[in-house]
Amino acid sequence: MTTASDAAAFARLRAAGFVCAAERLADLDLPRLGHQIGVGEDEIHAVIDVETSGGGFDALKRPKLLFEPHKFYAALTGAARARAVSLGLAYPKWGEQPYPKDSYPRLFQAMAIDETAALKSASWALGQIMGSNHAAAGYDSPQGMVLAFCAGGETEHLAAMVRFIQANRLDDELRARNWAAFARGYNGPQYAANAYHTKLAAAFARWAKIPDTPWSPEAKPAPVVAPPAPEAATTCGQCGKRLAA
């Protein structure tokens, strides 16, 4: 965290169970932000459909997340790792155990051992960006990323996804609709085991049949928005995920 106020805001969000206002995307957000990397809304729809079925918050208005025990294992050492292993929160290899339907109970247990390591070991929100990739998505810390995802809603989720794609030089692959190359960079070397590339292709084909949202670039192009200032809460992987280029 960069400031005491940020730390306090995150503490309040954590105490509220990560429940947010859960603001949804506006129709124009997809073509507007897609334009920043030279793609249309169909390519953007394809990615978020495969990652989170097109929604960045769960039914309880929390950012969608998937906690990755193998990532948590790698982030810990010594007594902290031993404790995590004994609680079933960490293991060495991806796929050793099935994922529970809700990752939040695991996350809270893991945060009690090491908050930052736990946040880094989960993939978050609309684009399922790993907390460990917070810098590539434009944030100073995983706590700051989660705060921004709650404060800015799905528009911020999508802006972060665009920044992450740019930072990892995956925009070329997305523009070319080279789904295998994009999936490898975005989801990791085991992307084929989960058929990410074929799912992306199928999702794009579905959206390509639907008329696009009417939109054209303004005279002054809208930049990818910076993370908003965090606000207090008012009441979201696979092995090797999110590889850097």
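Where a number appears in this text, it was derived from the coordinates with a stated rule and is not lab data. As the structure is a computational prediction, the values presented were derived from the model and not from experiment. FYI the Cβ positions are ideal-geometry reconstructions off the backbone, even for glycines, and counts take in every protein chain you see.
Before moving on, here are some points about what is shown:
- In this structure, Thr3 and Arg169 have a Cβ-Cβ separation that, at R0 = 30 Å, corresponds to a calculated FRET efficiency of about 0.45.
- Per-residue ³J(HN,Hα) for the range 100-105, Karplus 6.51 cos²θ - 1.76 cosθ + 1.60, θ = phi - 60°, Hz, x for Gly and Pro: x, 5, 10, 8, 4, x
- Sequence ranges 17-24, 67-74, ranked by mean other-Cβ count within 10 angstrom, highest first: 67-74, 17-24
- Here is how the number arises for the chain: DSSP H runs of 4 or more residues each give -39500 (n - 2.57), the sum is divided by the residue count, and the result at 222 nm is -14000 deg cm²/dmol.
- Likely footprinting exposure, Ser121, Ser216, Ser53, fewest C-beta neighbours within 10 Å first: Ser216, Ser53, Ser121
- Lysine pairs meeting the criterion (Cα under 12 Å, 8 or more apart or interchain), as found in the chain: 5
- Note on Thr52, Thr3: ascending count of other Cβ atoms within 10 Å places them as Thr3, Thr52, the fewest first.
- Coil-residue trypsin sites (Lys or Arg not before Pro) of the range 85-135, DSSP, other Cβ within 10 Å capped at 10: Lys93, Lys101
- Restricting the calculation to Cα atoms, the chain shows an Rg/Rh of 0.96 when the hydrodynamic-style radius is the Kirkwood one.
- Label point of Asp212 set 7 angstrom out along Cα-Cβ; within the range 23-55, amide nitrogens under 14 Å from it belong to 28-46.
- Whole-Hz couplings from phi, Karplus 6.51/-1.76/1.60, listed for the range 175-192; x for Gly and Pro: 4, 7, 6, 8, 5, 5, 5, 5, 5, 4, x, 8, 10, x, x, 9, 4, 5
- Shape class of the range 99-197 from the alpha-carbon gyration tensor: oblate, with a/c at 1.5 or above and b/c at least as large as a/b.
- Value of Rg to Rh for the range 65-124 (Rh from inverse mean 1/r over Cα pairs, i.e. Kirkwood): 0.90
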